Structures are given as structure tokens and as C-alpha cells.
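Input: a single structure, listed below in C-alpha cells.
The values are calculated or read from the model by the stated rules, or taken from the named source; none is laboratory data. Just so it is clear, the model here is predicted, and its values are computed rather than measured. A quick note on method: Cβ atoms are made from the backbone with ideal geometry, for glycine too, and the neighbour counts reach across all protein chains shown.
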Amino acid sequence: MLEIKGLIKTFFPHTINEVKALRDIDLTIQEGSFTAIIGTNGSGKSTLLNAIAGTFIPDSGSILLAGQPITFWPEFQRAKLIGRVFQNPFAGTAAEMTIAENIVMAMRRGLSHPLSKAVTSKARAEIKERVSVLKMGLEDRLDNPIGTLSGGQRQALTLLMATWLKPKILLLDEHTAALDPKSAAKVAELTKYIVDKEKLTAMMVTHSMQQAVDLPDRIVMMHKGKIVADYQKEHKQRVRIPDLLATFDRVQKKELFDESVATLLREQYV
Amino acid sequence: MNLVIGAFTIGLILSLLSLGMLISFRMIRFTDITVDGSLTLGAAITAVLIAAGWSPLLATMVAFVAGMLAGSVTGLLYTRFKIQEILSGILVMTALYSVNLRIMGRSNVPLLDTATVSLPLQHLLSQMTDGERYILLFGWQVPVVDMAAFLSSLLLCAVFAWMLSRFLQTHFGTVLRATGNNVQMVRAQGINNNMMVVFSLALSNGLVALSGALLAQYQGFADVQMGIGMMVWGLASIIIGEALVGKSGIGIAIAGTIFGTILFRLLIAIALRWGLNPNDLKLVTALFVFLALVAPRWFKFVHVKINKKSKHA
């Protein structure tokens, strides 16, 4: 489904701020799989997701999604194939527009936007039906501006919008990190539900070790722009949080990590 | 009464300017100064074409298209060449000053005793009143010419307001509004946000040029200076409209903008009547916009202070 080969990206090259964000990444994602990407701050997990989404063009390497060479496609063009949920709950929806208007745009993601009425009664009925799946009572508030909703509600709607038309791949960039624990759990549960029901191919960057173990069927660990561990299939089934921590330690012993990073990891994940 | 009718007519004509600016300033959040140039552009083209014997309606339509072109240039400078939004507008506005002089051949083109878009309505009114030159309206004698100008501006304004409100509720219009609200989201929905900005600025400046075209016909001349300060004028009208009716919903925003423009024009007419020096008009307008922008924040500040005091007490 997704094939990444030799992906390299350096930000601010030849300056003192130079960051080698992605160093020769090779990654193949199978159709219907749910992959978690974990790693320290600055390990390149979000950069990898942004490279797939098209926020920037890589220095070298290639990205093949659903048989299409998307490496040089502009961001908006890739949206035909990609559904996205951002870390910032406010990033995925237009705050001053109503729930219905936001969803109507997602109903035509990657398609043309004709000069016909957007929020018709037919569209409204469909929206009502699918929004009620969230069990947040939002189906009765379709004409409220999205800005009046909570972060959790907005993130749940963004998730729904990203998957309204089945994407070739769903990219989740720490989409529960900015939410309170209760909303985060709810959105995580919803993610699992939608991904299973629609049989989606998904990639999720997360800081929550628990989420990485619970939700997906594959875990990829990144450090300093490289993939340092990859648990798949039966390996993944056996992985527990201590195993992941042990891997972090092992990487550290290989002197890929320095002491401060290992400490940071423990603080973040344990 | 003539003063009021006149103020209403100009208010309605300038409503198209404000509606255009509603698209750029409020919908896609683009501070577009092209307005000062494209208003004059519309006036200049219409004046020259009508003077050359074109039909007023056709001349007005050409002005609309020219305005759209001017707006697209600003949009392309911003999106394609990555020039800051204000500077893009300033460049096009400055260039348009020369373009407008070229079009007119001099700094002022009079339109005396020529046809205007309100001519058909004027004939109709004349027929209805058996060739009378005045119509009785609430006991006042209003010249048929003025009445026709008023009614045709009302008609045009209503038609464009209706079309705009319908347009903004289409799929395309929804995307346009979202572009100003959250660019990241719009891109994630597969929309070319740069194209939306260019289109919005084209539409916006088309309406502005249309307003200029009608204004030239109403006041009987086009002048190369007539666009100066019009952006601030339109902004003031939008702010008044929002203060009057709020901004929830498209229909309300459009109606508010039209009311705001007419009210602002009436206020100016009254102020001039009371002896305001016309030379001070732009200063007063700028001051008004400044106060309108600062007042809400200031009120909030005072409010917070009062709350704090009452808590301490």
C-alpha cells in the first residue's frame, strides 16, 4: 500500500541549525495494517508523517502510495488519497463554520467543489446518521459553529471527516496528545473502532506507550531520523511496555542514545 | 429628501464595494489594498467606454471583468511570487494609477448627458408618470432621474447580494470561506488554497470595480483620485454592519454590510451638512476605523478592571 524508499530530509542545511530529520528511511506499510510510530522528541516521527502528507518535498528518496508516485505531489493533491488528523484539535476543522459545513467539505475530499448548494437536506440526513456514531449528541448541533465544541469533540469530528471517504492511508499525528485523559481515551477508542470497521490502513505517531501497545498491529521505533526497531505480526503480539523500554535501553547501550535521551524517554513513557 | 435619496443611492452603490471587501477582508482574511485602484479602474473604463458610445450595461460589465483581472494579479503576486499580502496590493494599486491615467488619457473624464445603466428605469418611470419630471414621494418632489438612479442601484445591489449569498452557500463558496478560516484544514481536504485566494481576490475586486463603474455613472465623471481611501471606507462600513447585526451567518453578514454602508454614507452626508470640512473627511474616516478597531478591546480592558475592583472590594 505504502512504499517509502531511501527518504532523506535535512532542514536548514549548511547552517548551525541544520537538522537531519530523516536519514535514509525505508518502510513498507501493508494494506489494512495499523502501525504506531514511537520515538523521542525530534526523532523524526512527525516529519515522516508530514513527508507522506506532503507538507514538504524530501531531499531524496521516493514515496509510492496505492501505486501512485506521490513524492512530488503538492499537499492538496495528496489529500485525495490521505486522511489526516493533527495533534492540534483546532487544526482539522474550520472553527467559525458549522459542523455541517465542515463535514460537507470532507464529503468531497479530493473531489471537485461544484456551484451547487452545499448543505442540502440529503447531505444533512447522511451527516446526522454518521455523526450519531460518535455518541456525543453532536447530531443535534449541526448548525453550531465548530469553535463552540470541546477539543475532544473537535478531534472526534476531525477523525470522522478524515475517514468519511475511505482514504488509502489514515495519518494520525499524536492526535490524542493535546486532549484531557478522558477525551484522549474516548478518541483512541473511536480510532480503533473506525479503523477496524472501515478496514483502514493507518499510521499513528504517539507518545503514549499504552496506545502503541493497545491499538495497532505493528510498532516502529525511530531515533535521530532512523528506524531503530520494528515489531510486526507475532512479535508485536508479544510486545509489552517493558519490552519497549528494554529496546530503548539497548539502543542507548549501542550509544545511539546518550544518557539524557534515555532519561527523557523514561520520564515520557513510564 | 433629495439629500437622503442621494445618500441612499451612493450607499447602495458603495455596498458593492463593501461586499467585495467582505470577501477579501472577512472571508479569506486578506488585507487587500488593490481596492483603491480597482474602484478607479472600474470608473475609468466605464466612463471612457460610455463616452465612446458603448451601451452602459456592456461598459459596466467590462469594468467588472477588468476588476477581476486586477484582483487576480494581486492574488498571483501573493501566491505565486510569495510577496507579502499588503505589498502585493500596494504594487497593483500603484500600477493601476498609471493604467487608469492611460485608460482615461487625462485625470478626469466627464459623463454629462450620456446614458447610464439607470436609463431604462428612467424611461419606465417617465412613462408611468406621463412625462412628469418629478415624482411625489412622501410629499416630497423627487426628480425622476434621481429616483431611477436610486431604484436601479437598489435593484443591482439586491441582485448581487442575493447571488453572493447563494454562491457562498455552494460547495465552492463553503470552501472559499474555510480558506480564510483554516488553511491547513482546507489543504487536508484536497483544496488548492492558493487558487482559492486568487479567485476570491478576483471576485472581490470585480465587485469593487463594478461599484466604481456605477459610481462614475451616478456622479457624472470618473476621476483618477476617486479611489483613494476607499478601502478604509469599505472597512468602516463592514465594521458598522457587524456592530448593527453581528456576523453570524452569511445572509446576516451580507445584509449587515449593506446596512452599514448606507448608514455610514448617511452619517457622512449629515456631518457634511452640519459643516464638516470635506477635506477632513478621510481623516475622520480613518479615526473612526481606528476607534472601531480599538474600542472593543478597550471595553474589555475596562470590564476586566471593574471586575477586579469589585472582587477586591
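Brief remarks on what is shown
- Counting residues in region A:113-131 that are of a type in the set (Asp, Glu) and under 21 Å from residue A:191 (Cα atoms) gives one or more.
- Of residues in region A:120-155 being among the small types (Gly, Ala, Ser) and outside any helix (DSSP H, G or I), the one nearest to the other protein chains (Cβ to nearest Cβ): A:150
- Pairs linking a residue in region B:32-43 that is assigned by TED's automatic domain parsing to the domain that holds residue B:79 to a residue that is part of a helix (DSSP H, G or I) and among the β-branched types (Val, Ile, Thr), with Cβ atoms under 6 Å and 6 or more positions apart or on different chains, are B:33/B:90; B:34/B:74; B:34/B:92; B:35/B:208; B:38/B:208; B:39/B:208.
- Annotation: of all residues in region B:112-130 being touching a residue at least 60 places away in the same chain (Cβ under 8 Å) and more than 21 Å from the chain's Cα centre (by Cα), the one that is surrounded by the fewest Cβ atoms within 10 Å (Cβ to Cβ) is B:112.
- Where a residue in region B:70-99 is among the charged types (D, E, K, R) and its partner, wherever it lies, is in a helix (DSSP H, G or I), with Cβ under 6 Å and at least six apart: B:85/B:78
- For the criterion of being more than 14 Å from chain B (Cβ to nearest Cβ), among the hydroxyl-bearing types (Ser, Thr, Tyr) and on the phi < 0 side of the Ramachandran plot, residue A:112 fails.
- Residue in region A:182-194 that is touching a helix residue (DSSP H, G or I) at 6+ places or on another chain (Cβ under 8 Å), farther than 23 Å from residue A:32 by Cα, assigned to a loop (DSSP other than H, G, I, E, B) and free of Cβ contacts under 8 Å to residues at least 60 places away in the same chain present: no
- Residue A:117 being surrounded by fewer than 20 Cβ atoms within 10 Å (Cβ to Cβ), within 13 Å of another protein chain (Cβ to nearest Cβ), free of Cβ contacts under 8 Å to residues at least 60 places away in the same chain and among the basic types (Lys, Arg): yes
- Subset of region A:64-87 (residues that are crowded, with 17+ Cβ neighbours inside 10 Å and among the small types (Gly, Ala, Ser)): A:79, A:83
- Sub-8 Å Cβ pairs linking a first residue in region B:169-183 that is more than 10 Å from residue A:118 (Cβ to Cβ) and more than 9 Å from every other protein chain (Cβ to nearest Cβ) to a second residue that is surrounded by fewer than 22 Cβ atoms within 10 Å (Cβ to Cβ) and of a type in the set (Gly, Ala, Ser), at least 6 apart or interchain, number zero.
For every residue, the table says whether it meets (1) within 30 Å of residue B:109 (Cα to Cα); (2) within 14 Å of chain A (Cβ to nearest Cβ); (3) among the hydrophobic types (A, V, I, L, M, F, W, C).
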residue	(1), (2), (3)
B:167	no, yes, yes
B:204	yes, no, no
B:214	yes, no, yes
B:217	yes, no, no
B:224	yes, no, yes
B:230	yes, no, yes
B:236	yes, no, yes
B:247	no, yes, no
B:250	no, yes, yes
